[in-house]
Ligand SMILES: Cc1cc2nc3c(=O)[nH]c(=O)nc-3n(C[C@H](O)[C@H](O)[C@H](O)COP(=O)(O)O)c2cc1C
């Protein structure tokens, strides 16, 4: 079956990350309309050109996962009005050509961006910086709609888990738009 494959990249390594919970909510919402995986990348090393070739196994693995995805959905926290360094490090690895015959794996990939924060900021500044970076890397960014969720604490359930009350319709809108955006580009 010609299923759409979405890879979620969460810019937080925290176990209880709100952004990870948001990605899981998106996965549930999308259901069987696409294969939706979360990229695990805590094992990739810090970029160091001394170890770039041959690429470390963990880097090879994440490159393969990105390569086989039809679209990449970023879920990013905001750290000091920027996206976190772990995400920059991952993207730096992904930005390098696989070999002299194979270009970097992000080029041309459809991308969506969402973010959630406990503050009033909503992650908009972090998202703008991420757009600058991934546009430079020739990703195909879906700029409308993007999802910025402030005041995460107002959308928790009794166990402190993200319940996404008021933001759910916006996540739904973005998920539908991204499925359409990908389908249009890859003809699925
Ligand atoms: C180094 C650092 C800088 C931060 N800077 C910001 C910021 O600029 N804006 C903001 O809204 N929250 C900021 N925060 C708070 C994060 O939004 C909060 O920790 C959030 O829960 C992180 O996302 P996560 O839950 O997905 O891990 C910062 C947190 C850290 C650790």
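For the reader, a short list of remarks on this structure follows.
- Residue within the stretch 14-24 that is touching a strand residue (DSSP E or B) at 6+ places or on another chain (Cβ under 7 Å) and away from the ligand (no atom under 16 Å from the Cβ) present: no
- Restricting the stretch 67-90 to residues that are touching a helix residue (DSSP H, G or I) at 6+ places or on another chain (Cβ under 6 Å) and farther than 15 Å from residue 13 by Cα leaves a set whose member that is farthest from the ligand (Cβ to nearest atom) is 70.
- Scanning the stretch 35-79 for residues that are surrounded by 21 or more Cβ atoms within 10 Å (Cβ to Cβ) and in contact (Cβ under 8 Å) with a residue 60 or more places away in the chain gives 69, 71, 72, 73, 74, 75, 76, 77.
- Odd one out for residue 3 among (1) touching a strand residue (DSSP E or B) at 6+ places or on another chain (Cβ under 7 Å); (2) farther than 30 Å from residue 155 by Cα; (3) assigned to a helix (DSSP H, G or I): (3)
- Whichever residue in the stretch 100-128 is more than 11 Å from the ligand (Cβ to nearest atom) and part of a helix (DSSP H, G or I) and, among such residues, is farthest from the chain's Cα centre (by Cα): 128
- Scanning the stretch 138-172 for residues that are touching a residue at least 40 places away in the same chain (Cβ under 8 Å), in contact with a helix residue (DSSP H, G or I) (Cβ under 7 Å, 6 or more places away or on another chain) and closer than 23 Å to residue 96 by Cβ yields one hit, 140.
Rule-based calculations on the coordinates, nothing more; no lab input. Just so it is clear, the model here is predicted, and its values are computed rather than measured. Note: ideal-geometry Cβ built from the backbone for every residue, glycine included; neighbour counts use all protein chains shown.
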